[in-house]
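Report on one structure; see the data block that follows.
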Amino acid sequence: MSVHNREIAACLDRLATLLEIEGANPFRVRAYRNAARVIEGQGAQMSALLAEGHDLAELPGIGKDLAGKIATLVDTGELPMLNEVEARVPAALAEMTEIEGLGPKRVGQLYRELGVRSLDDLSRVLESGRVRELEGFGEKLEKTIGAGIEALKNGQPRMRWADAEAIAEPLAEWLRGIDGVKKVWLAGSYRRGKETVGDLDILVTCRRDSPVMDRFVAHEDVSRVVSHGGTRSTVHLRSGLQVDLRVVPAVGAGAALHYFTGSKAHNIAVRRRGVERGLKINEYGVYRDEKRIAGRTEDEVFEAVGLPFVAPELREDRGEIEAAEARRLPDLVSLADIRGDLHCHTDATDGQHDLETMARAAQARGYEYLAITDHSKAVRVANGLDADRLLAQVDEIDRLNEALEGITILKGIEVDILADGRLDLPDDVLDRLDLAVCSIHSRFNLSEKQQTERVLRAMENPHFTILGHPTGRLINQRRPYAIDLGQVIRAAAERGCFLEVNAQPSRLDLDDAACMLAREQGARIAVSTDAHADVQLDAMRFGITQARRGWLTADDVINTRGLAALRKLIG
Ligand code: DGT
Ligand code: CA
Ligand code: CA
Ligand code: ZN
């Protein structure tokens, strides 16, 4: 069985986590994490590259040493260095970092200062009240951790959408290749583009004699068969994801697709409309007096209840039925509307590629512009820019813009919002730039009032353009910091500041509900990738999905504008 890129990335992430728990050099930890992201983002499998005789050290962020380690991992399925670290650090500690409120640093603290080596140890020291006494912990965090332990015990965390995609799309493709299979649909929360997926729901239509079910439960990635039937089977994959596969008849495929796309709340609302019209709607079709009147396509289902097609991303019973009824559904933003990316990093700080490589990668994606927004000096582990280095970069961008055709590099910075609301670089330096993405990377634990004031104060700076990853949350890893988002959104709308939907799969920050709020309040959004390598510019689609779930149209998103119009907006 060949080792998948996803598994290589998981090993490197685990190595980074364990090293971080041990208190290793943060640059080293970051190098492994960056490498994991790079490998995850590659289209080709490392095993295939190696088989073709490529040198993995040619990949960005992968040195000779790491290339050798990956080759060993692909050959033997083992990463010796990970084994060594695992021999020193209790394995349970890595799992513990998934608990809300805990990350590798805090788990390391619990390990060194309180001797925590297992989940039971953690529960014990929590109850004894010793955790809140630790530097940087406190009572509030103690409660969060307690709740997090419960959640962990109650089952699997939900999978990030992008991770589910890496499993779902090849699986669907594989199913399409099975004898007698006609159509395959990915339904459920996955199709709705929800930021995390509980399980995967797949529907197929096929010939009566198709071996699809038998082949499915025998797939090489299946770790456990929960149920195996003629029209429905459920399995667990090695990745931890559960998959439901259903065979549905073509005459009712649209009704099945609608039903299993959900959400449940949306289904119930549609069914209620059916009842008002004397119709029965279920996963098999739309019926009047036991007679099937619709259900071959989803369009038919909506039509039967007097509605236009509703995009899957909107199907949460958050007003989409009423909007559809009134013919006021938003014309949702799509990837094709995007004209540029407004947040990315280069090798001047913690990115993998130089300016020109990033610019050309943006151009290859059909963009008109790319804003370079490296970190500012407060982010020391990322080698953040001080005024001199930033101004040197500005000069370099001027030179490159002269030389490049068809793409414009915008001069930017991801400038830290300091604890008191000042920005990390002086005004006369920011004045030289086209835009500033302003972000919080420290002091996450301020009170809600302090954190909100910090951001509002920063927004008073005329150089403030976009609030980067506005809540700081990392899906399944770090909660949003306490902040009054309503107040921040209103202030952004008033002051003509913009809010980011950061498209990184683990951020997707703002989330869908916050996007809806922003739209209501008239605040505009930048959907940006925060790419740290050229391939990560492809993360745009994750941000677009989140924006669509938040009802955003192209008009609500500033980087759908051409360069001239964008310049006016951010000027
Ligand atoms: P997940 O898997 O937790 O991310 O979320 P979903 O939405 O994929 O939920 P799942 O897998 O339990 O079920 C798939 C869809 O099937 C769900 O979105 C709507 C439909 N469904 C499931 N149970 C019910 C139900 O009791 N009533 C109705 N009307 N629909 C249901
Ligand atoms: Ca599901
Ligand atoms: Ca399911
Ligand atoms: Zn950032």
Dimensionless Rg over Rh [the range 5-153; C-alpha; Kirkwood]: 1.06
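Count neighbours as other Cβ atoms within 10 Å of each site's Cβ, and list the trypsin sites (Lys or Arg not before Pro) in the range 303-351 that are DSSP loop with at most 13 such neighbours. Please list the in-between numbers first.
Values: sites: Arg315, Arg318, Arg327, Arg328, Arg339; in loops: Arg315, Arg318, Arg327, Arg328, Arg339.
Loop-located and lightly packed - Arg327, Arg328.
Roughly how big is the range 5-153's charge dipole about its Cα centre, with Cβ charges of +1 (Lys, Arg) and -1 (Asp, Glu), in debye to the nearest 20? Mind showing how you got there, number by number?
Numbers: 19 positive and 25 negative charges, 77 e Å.
Dipole size: approximately 360 debye.
DSSP loop GluC sites (Glu not before Pro) in the range 452-513 with at most 11 other Cβ atoms within 10 Å of their Cβ, which ones?
Working: sites: Glu453, Glu460, Glu494, Glu500; in loops: Glu460.
Here the GluC sites (Glu not before Pro) that fit, given the DSSP loop and packing criteria, are Glu460.
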Per-q log10 I(q)/I(0), the range 252-325, q = 0.13, 0.15, 0.25 Å⁻¹ (Debye; single scatterer per alpha-carbon; no solvent): -0.29, -0.39, -1.17
Those residues of the range 331-353 whose amide nitrogen sits under 15 Å from the label point placed on Leu563, 7 Å along Cα→Cβ: 339-342
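Sum -39500 (n - 2.57) across every DSSP H segment of at least 4 residues in the chain, then divide by the residue count to get the 222 nm mean residue ellipticity, nearest 500.
Details: 24 runs with 245 residues, N = 571.
It comes out at -12500 deg cm²/dmol, rounded to the nearest 500.
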Per-residue ³J(HN,Hα) for the range 458-471, Karplus 6.51 cos²θ - 1.76 cosθ + 1.60, θ = phi - 60°, Hz, x for Gly and Pro: 4, 5, 6, 5, x, 8, 5, 10, 10, 7, x, 4, x, 10
Mean accessible surface per residue for the range 244-378, computed with a 1.4 Å probe while every protein chain stays in place, in Å²: 42 Å²
Net dipole in debye of the range 159-247 [+1 Lys, Arg Cβ; -1 Asp, Glu Cβ; about Cα centre; nearest 20]: 340 debye
In sequence order, calculated HN-Hα J values of the range 191-201 (Karplus, 6.51, -1.76, 1.60; Hz; x Gly/Pro): 5, 6, x, 4, 4, 10, 10, x, 8, 9, 10
Phi-based couplings in Hz for the range 121-138 (Karplus 6.51, -1.76, 1.60; Gly and Pro marked x): 4, 5, 4, 4, 5, 5, 5, 6, x, 7, 5, 5, 6, 5, 3, x, 9, x
Cα-based shape type of the range 76-169, given that a ≥ b ≥ c are square roots of the gyration tensor eigenvalues and the cut on a/c is 1.5: oblate
More than 47 angstrom apart: percent of Cα pairs within the chain: 16 percent
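Just to verify a number: FRET efficiency for Arg380 and Glu300, C-beta to C-beta distance, R0 = 45 Å, to 0.05? Could you put the intermediate results ahead of the total?
On the way: r = 59 Å, r/R0 = 1.31.
E(calc), rounded to 0.05, equals 0.15.
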Simple spin-label estimate for Phe27 and Lys280 in nanometres, 7 Å along Cα-Cβ: 7.1 nm
Contour minus Cα-Cα distance for Arg207 and Phe309 (0.36 nm per residue): 33.9 nm
Additional length obtainable on full extension of the chain from Lys64 to Ala387, 0.36 nm per residue less Cα span: 113.0 nm
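Pairs of Cα atoms under 8 Å, at least six residues apart: use those to get the relative contact order of the chain, whole percent. Intermediate results must be reported in sequence, preceding the final value.
Values: 1068 pairs, mean separation 58.4, N = 571.
Relative contact order comes out at 10 percent.
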FRET efficiency estimate (nearest 0.05) - Cβ-Cβ, Asn476 to Asp75, R0 41 angstrom: 0.85
Antiparallel bridge percentage (DSSP; both residues within the chain; nearest 5): 45 percent
14 Å reach of a label modelled at Glu325, 7 Å along Cα-to-Cβ, counting backbone N of the range 273-302: 273-277
Test item: Cα-centred dipole of the range 77-130, Lys/Arg +1 and Asp/Glu -1 on Cβ, debye: 300 debye
Difference of contour (0.36 nm per residue) and Cα-Cα distance, Glu133 to Gln521: 135.5 nm
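The values are calculated or read from the model by the stated rules, or taken from the named source; none is laboratory data. Remember, predicted model here, so these are calculated numbers, not experimental data. Here Cβ is always computed from backbone atoms with ideal geometry, including for glycine, and neighbour counts include all displayed protein chains. Note: accessible area is taken over every heavy atom of the protein model, side chains too, but ligands, DNA and RNA are not part of it. Shrake-Rupley method; radii C 1.70, N 1.55, O 1.52, S 1.80 Å.
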